[in-house]
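Read the figures in this text as sums done on the coordinates, not as results from a lab. A quick note: this is a predicted structure, and the numbers were derived from the prediction, not measured. Backbone-built Cβ (ideal geometry, glycine too); neighbour counts: all protein chains shown.
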Amino acid sequence: MKKISNIKFILIVAILAALILSACQYDLEDAINDNLEQKGDLIVHFIDVGQGDSIFIQLPNGETSLIDGGTRASGENIVKYLKEQNVEKIDYLIATHPHEDHIGGLPKVVKNFEIGKIYMPDATANTNIFQELLKEIKNKDKKVSIAKGGDIILNDSGVKYEILAPNGEKYGETNDYSVVTKLTYKGNSFLFTGDAEKTSENEMMDKGYNLKSDVLKIGHHGGSTSTSNEFLLKVSPKYGVISLGKDNTYGHPHKETIARLNEQNVTVLRTDELGTIVMNSDGKNINVNKEIKGENTESETQNIKKYYIGNINTKVYHSPDCNYLPKEENQIILKSKKEAEDKGFRPHDKCIK
Ligand SMILES: [Zn+2]
Ligand SMILES: [Zn+2]
């Protein structure tokens, strides 16, 4: 009997020791994982460049990416904006396609910052701006990687940055060469489509890529030949961001595109209405314009430029993260509480303090 209980005792001690050890090991693994885990948020800046695109991304691991550089005229402003964010290096520079409203400001960017990898589609343009960009890249002794659907830019500690287009060799429309990227940070994802149109959208769907994203950078400034119903259904975004200039000569965004977005209850955010749009993701939630450095237009908040969404029928205005937002077709963007109240809107008591 005594012998057995001795064995029992030893067994219990051994089991306990094993449990404690494994618990310790678990803690240690957790600690290591925590260390490897990204510390910061993912921050995506849709820089207001007028009629064009320029998206600056701060990755949680401290690296940066710039997708496009607006028009030639916006180059200086982009450089200034990046310097304000204390940027020294662009780790991943993507020129979606060689149209001037996407690469125009990039020669200045390449000149002013340290550059890591550069991605472009296999498309050229017979334009001065394209030649200037290639010259600046050469001056920096950099090589261009030709982007293809399926390539991975980064896959590390909860962040996946992948290329989903182009998937073909030759296109009739330069816009369809657009490098499309999807950026996923834990539970949040962003799809950046450049000026990709239907042909490229169809190819991405045919490839069977997982297109589902919280935020869709609407293709081609809201032009009607992008953002097909089928594509939009697959992406199924909460937010659709349109980068465009006020009163542009193309009539962007086209009303057909806005109708499709309304139909699928996508919250539309436009740079011609809001200026630069900044989204923060902690991997679970996305905050819009939580904090923008720079001029403060509202006295009640510090360094926070918020916007509001009004319901044109009820004349009530909401915070953009309110659970009781009106349908898109009844929404109006209001830049401040003052603007809301000047226009006769009253605050929604659940979301406006
Ligand atoms: Zn284009
Ligand atoms: Zn464009």
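Laid out as a table, the results:
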read-out	value
Backbone N under 20 Å from the Lys143 label point (7 Å along Cα→Cβ), restricted to segment 159-183	163
Residues Glu169 and Thr127, FRET efficiency given R0 of 22 Å [Cβ-Cβ distance, rounded to 0.05]	0.50
Total charge dipole magnitude, segment 101-225, about the Cα centre, Cβ charges on Lys, Arg, Asp, Glu only, Debye to nearest 20	440 debye
Difference of contour (0.36 nm per residue) and Cα-Cα distance, Ala73 to Glu263	64.9 nm
Overall form of segment 107-257 per C-alpha gyration tensor (a/c, 1.5; a/b vs b/c)	oblate
DSSP-defined beta bridges in segment 308-347 - what % are antiparallel, rounded to 5	75 percent
Sequence-separation-based contact order of segment 42-288, relative, with Cα cut under 8 Å and 6+ spacing, percent	18 percent
Assigned charges on the beta-carbon of Lys, Arg, Asp, Glu; segment 126-172 dipole about Cα centre (debye)	160 debye
Separation of the Lys111 and Lys80 label points, Cα + 7 Å toward Cβ, nm	1.6 nm
Proxy reagent accessibility, fewest Cβ within 10 Å first, across Tyr250, Tyr324, Tyr209, Tyr161	Tyr324, Tyr250, Tyr209, Tyr161
Out-of-range pairs (alpha-carbon distance over 20 Å; input Lys315/Lys338; Lys170/Lys207; Lys238/Lys337; Lys80/Lys142; Lys89/Lys117; Lys117/Lys138)	Lys238/Lys337; Lys80/Lys142
Net lengthening on full extension, Lys89/Glu256 (0.36 nm per residue, minus Cα-Cα)	56.2 nm
